[in-house]
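Here the structure is laid out as structure tokens; the discussion comes afterwards.
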Amino acid sequence: MATVTIIMGSKSDLPGVKPAYDTLKEFGIDTEMLVLSAHRTPDEVAELTKNADKKGIKVFIAAAGKAAHLAGVIAAGTVRPVIGIPVKSSFMDGLDSLLSTVQMPSGIPVATVAVGGSVNAALLAVQMLALSSPELSAKLLDYKEKMKKDVLAQNESLQKEI
């Protein structure tokens, strides 16, 4: 049973998707990663989305490049939130993937992060789950406080250098 399911269209997407997986694990969220294609394994994608309740899936993250239909196909088959990660391809530096992911028809929403924005996809999933989890909310506040301290430390270091 996975709370968040990350699906990538090809195993070659793994380097760009792994940071999302690592971030979710950092927050203690049960996560699985799968390789499924909107075009090459449509039956398997449909079966997964149809059984999201049985599998305990609360949020989907989908990473795909080029035509990047994976997130939309998942969103069409579920009422669970879907977060799309456009993958940078050799064509148009991922702009094609971004547009394919973000330009969904009315009634099929996909939250979309930046090209290659897997950490933000994971954090968005954590924020969604934190709506019903005070523990996750506290972890998010800690995460943001750490980011603040890191930036302030960088500023202090810069001030000593100039």
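The values are calculated or read from the model by the stated rules, or taken from the named source; none is laboratory data. Nothing here was measured: the structure is a model prediction, and the numbers come from that model. Every residue, glycine among them, receives a Cβ derived from its backbone with ideal geometry; neighbour counts consider all protein chains shown. Protein only, heavy atoms only, side chains kept; ligands, DNA and RNA dropped before computing areas. Shrake-Rupley method; radii C 1.70, N 1.55, O 1.52, S 1.80 Å.
To two decimal places, what compactness ratio does region 98-162 give when its Cα radius of gyration is scaled by 2.2 N^0.38 Å? Let's see the in-between values first.
Values: Rg = 17.0 Å, N = 65, 2.2 N^0.38 = 10.7 Å.
In units of the 2.2 N^0.38 Å rule of thumb, it is 1.58.
Label separation (residue 149 vs residue 108): 4.5 nm, computed from points 7 Å beyond Cα along the C-beta direction. Computed over the chain with a Gaussian network model linking Cα atoms closer than 10 Å, the most mobile of 71, 111, 20 is 111. Pairwise Cα distances in region 1-72 exceed 19 Å in 31 percent of cases. Relative contact order of the chain, taken over Cα pairs closer than 8 Å and 6 or more residues apart, is 21 percent. One chain, two ends: residue 131 and residue 53. Fully extended at 0.36 nm per residue, the span grows by 26.2 nm beyond their Cα-Cα distance.
Per the helix-only calculation at 222 nm, which mean residue ellipticity applies to the chain, given -39500 (n - 2.57) for every DSSP H run of n ≥ 4 and division by its residues, nearest 500 deg cm²/dmol?
On the way: 7 runs with 82 residues, N = 162.
Mean residue ellipticity at 222 nm (helix-derived): -15500 deg cm²/dmol.
In this structure residue 158 has an accessible area near 80 Å², from a 1.4 Å probe over the protein heavy atoms. May I ask which residue of 14, 38, 63 lies farthest towards the positive end of the charge dipole of the chain, with charges of +1 (Lys, Arg) and -1 (Asp, Glu) on Cβ and the Cα centre as origin? So the residue we want is 38. Just tell me which lysines come within less than 30 Å, Cα to Cα, of residue 148; anything on the same chain fewer than 8 places away is out. Cross-link targets: 18, 25, 58, 88, 139, 160.
Taken about its Cα centre, the chain carries a charge dipole of roughly 100 debye when the Cβ of each Lys and Arg holds +1 and the Cβ of each Asp and Glu holds -1.
Provide the per residue accessible area, probe 1.4 Å, for region 1-158, rounded to a whole number of square angstrom. Please list the in-between numbers first.
Numbers: 8570 Å² over 158 residues.
In whole numbers, region 1-158 has 54 Å² accessible per residue.
Inter-part distance, region 109-162 to region 7-67, computed on C-alpha centroids, equals 21 Å.
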